[in-house]
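Here, each number is a calculation from the coordinates, and none is a lab measurement. Quantities reported herein were computed from a predicted structural model and do not represent experimental measurements. Here Cβ is always computed from backbone atoms with ideal geometry, including for glycine, and neighbour counts include all displayed protein chains.
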Amino acid sequence: MKNLLNHPLFQQLQNTPLPVQRVQTDWLEQASIQLDMLRLDLLHPQVSGNKWFKQKHHLIQAAEQGCNCLLSFGGAWSNHIHALAAVGNLLKIPTIGVIRGERSKTPSPTLIDAERWGMQLHFINRKDYRQKHQPDFVQKLLTELGLSTDSCYVIPEGGSGALGIKGCEMILQSGAINPKDYQQIWLASGTGATSAGVIRSTQGHSQIHSVAVLKDANWMTDEIGQYLKLQQNNWQVETDFHCKGYGKTTPELLAFIDDFYQQTGILLDQVYTGKMMFGLYQQVCAGNVKIHRKILTIHSGGLQGSRALR
Ligand SMILES: *Cc1c(COP(=O)(O)O)cnc(C)c1O
């Protein structure tokens, strides 16, 4: 991984400005709201969305430590595992995916891609998987796989942690926009790491609406709060738009995603970005967003996971 930072693809992912697109729908027009979307999903055909931002500093750290492989954790539909396998393939870094649950006879397209891209998959049961943050457990796992902590860099599940958040501080800078032009910024939140990075990069301008995609996500406010250096209050977690919980969908959500696609040509996924946009839609329709507001939404990617619906 020595020459990672000079790799043309690394530089391209790092420096290419991302498109910002004006979004027009009947409900936005009726409410006289201007909506722009920062398309992290268009970063690269295989490395999509916020996961690159979360992984980037882990990769740099791994290179600095002289590691020659990357290991991380995820479920069968994990966007993080998918992006990591793609990055490994493109940058020629061996990757190992520790996958929750048993190997299925009909693997998900996510895992099929990952293996095709050379990721070594290692399945562990759900009980063991819960220990993924414990150093002893990780050590044992590495030994079992014939690896050492000197040679193999372990990225936390989802690419989170302080380094993941640091990478997400660059998200708003990745598009040709001035984030200060927007009164509100909306994004989807699973662990809160991406939101924490985005909030940290705002210096108080814009209200950040972080839409929790899981049920009972009141913990997320503390989780994000602990990563903010300064006393910042320009953010809130939206806990009402999870549509029955993580990975779950409702007919209304799926109909909304479909209608949004018909009106804009933009695909949203059902786990993250669909819930974020559906939440914003409900707030707009309820009259909770003032007229003439300028809103930025972040399309964080995740479209590979939509293959679960087909
Ligand atoms: C992982 C993911 C998120 C959530 O990121 P967190 O940092 O865990 O909050 C949002 N959108 C997409 C598409 C993702 O894959």
Q: Taking only Cα atoms and a 10 Å spring cutoff, compute GNM fluctuations for the chain and point out the largest among Lys290, Lys244, Lys92.
A: Lys290
(Q) Through the Karplus equation 6.51 cos²θ - 1.76 cosθ + 1.60, θ set to phi - 60°, convert the phi angles of the stretch 203-215 into ³J(HN,Hα) values in whole Hz; use x for Gly and Pro. (A) 6, x, 6, 6, 8, 8, 10, 9, 8, 6, 9, 10, 6
Q.
Considering only C-alpha atoms, what is the centroid distance from the stretch 4-23 to the stretch 35-60, in Å?
A. 9 Å
Q | Nitroxide proxy distance, nm - points 7 Å out along Cα→Cβ at Arg22 and Ser104 | A | 4.2 nm
Q. At what distance in angstrom do the alpha carbon centres of the stretch 228-267 and the stretch 125-168 lie from each other?
A. 29 Å
Q.
With a cut-off of 8 Å between alpha carbons and a minimum separation of six or more residues, what is the relative contact order of the stretch 51-159 in percent?
A. 37 percent
Q.
Through the Karplus equation 6.51 cos²θ - 1.76 cosθ + 1.60, θ set to phi - 60°, convert the phi angles of the stretch 81-89 into ³J(HN,Hα) values in whole Hz; use x for Gly and Pro.
A. 4, 4, 5, 5, 4, 5, 4, x, 5
Q) Between Ala162, Ala86, Ala176, which gets the highest mean-square fluctuation from a Gaussian network model of the chain, Cα cutoff 10 Å? A) Ala176
**Q.** the chain, relative contact order [Cα under 8 Å, separation at least 6], %
**A.** 23 percent
Q: Would you be so kind as to identify which of Leu141, Ile295, Asn178 lies farthest towards the positive end of the dipole of the chain, taking Lys and Arg as +1 and Asp and Glu as -1 on Cβ and the Cα centre as origin?
A: Leu141
